[in-house]
Amino acid sequence: MAHSLEGRIAVIFGLANKRSIAWAIAQKLHAEGAQIAITYQNERLGQEAEEMIASLPGAHGFQCDVTSDEQIEQVFAKIAEHYNGKIHTLVHSVAFAPADELKNDFLLTSREGFRIAQDISVYSLIALSRAAAPLMTDGGSIITLSFLGAEKVMLHYNVM
């Protein structure tokens with residue numbers, strides 16, 4: 001069977017662990033022949049990510065906290081250097097809210113907790129897309145994920 005993504009470069013944001021949807025997406029894109037760049041938020045998550053990334057021949061890992069425009073700019077500069085200035089796919093599999101905002105009653109959501117959840121889970125798509133677009137010189141795909149909680153109330157998902 002032909003690899004339908006042979007020669008394509010996919011950058012995946014949101015790897016946290018082996019249960020991450022981002023990890024399943026990375027594995028599938030790799031199996032279809034894509035070159036994979038995977039990002040993780042910080043050094044702690046990078047330690048776990050190293051083993052997973054190493055299991056995908058040719059994949060590379062990059063650290064990036066999506067709340068930092070400076071880190072986003074830096075990671076895309078590194079990606080551009082590593083992949084000759086070109087990518088084809090951006091996968092945004094990023095979501096977060098502080099734990100208290102998930103376990104407390106929704107009406108107790110704090111302004112700061114709401115801001116954090118929206119910045120990381122929503123605004124980061126815009127910031128990442130803005131940085132990725134100049135590298136998509138042959139066009140490309142930007143993919144973001146949703147969750148059933150976007151369609152119906154899910155217990156304890158509150159601000160998300």
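Anything in the stretch 76-119 that is surrounded by 14 or more Cβ atoms within 10 Å (Cβ to Cβ) and small (Gly, Ala, Ser)? List them, or say none. If the condition is that a residue be surrounded by 14 or more Cβ atoms within 10 Å (Cβ to Cβ) and small (Gly, Ala, Ser), then ALA80, SER93, ALA95, ALA97, GLY113, ALA117 are the ones that fit.
The residue pairs whose first member lies in the stretch 59-75 and is under 13 Å from ILE38 (Cα atoms), whose second member is at pLDDT below 95 and loosely packed, with under 15 Cβ neighbours inside 10 Å, and whose beta carbons are closer than 8 Å, counting only pairs six or more residues apart or on different chains, are GLY61/GLU50; GLN63/ASN42; GLN63/GLU43; ASP65/ASN42.
Quick grid of which residues meet (1) in contact with a helix residue (DSSP H, G or I) (Cβ under 6 Å, 6 or more places away or on another chain); (2) in contact (Cβ under 8 Å) with a residue 24 or more places away in the chain; (3) open to solvent by less than 10 Å² (accessible area, probe 1.4 Å):
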position	(1), (2), (3)
ALA24	no, no, no
ALA37	yes, yes, yes
LEU45	no, yes, no
GLU51	no, no, no
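Checking the structure you have, find out if any residue of the stretch 121-132 is open to solvent by 20 Å² or more (accessible area, probe 1.4 Å) and under 21 Å from LYS18 (Cα atoms). Within the stretch 121-132, one or more residues are open to solvent by 20 Å² or more (accessible area, probe 1.4 Å) and under 21 Å from LYS18 (Cα atoms). Checking the structure you have, find out if any residue of the stretch 145-160 is among the β-branched types (Val, Ile, Thr), open to solvent by less than 70 Å² (accessible area, probe 1.4 Å) and closer than 22 Å to GLN71 by Cα. Within the stretch 145-160, not a single residue is among the β-branched types (Val, Ile, Thr), open to solvent by less than 70 Å² (accessible area, probe 1.4 Å) and closer than 22 Å to GLN71 by Cα. Across the stretch 6-35, the number of residues qualifying as farther than 23 Å from LEU125 by Cα and assigned to a loop (DSSP other than H, G, I, E, B) comes to 4.
The values are calculated or read from the model by the stated rules, or taken from the named source; none is laboratory data. Please read all numbers here as calculations on a predicted model, not as lab measurements. Glycine gets a Cβ as well: all are built from the backbone with ideal geometry, and neighbour counts include every protein chain shown. In case anyone asks, the SASA skips ligands and DNA or RNA and just uses the protein heavy atoms, side chains included. Shrake-Rupley method; radii C 1.70, N 1.55, O 1.52, S 1.80 Å.
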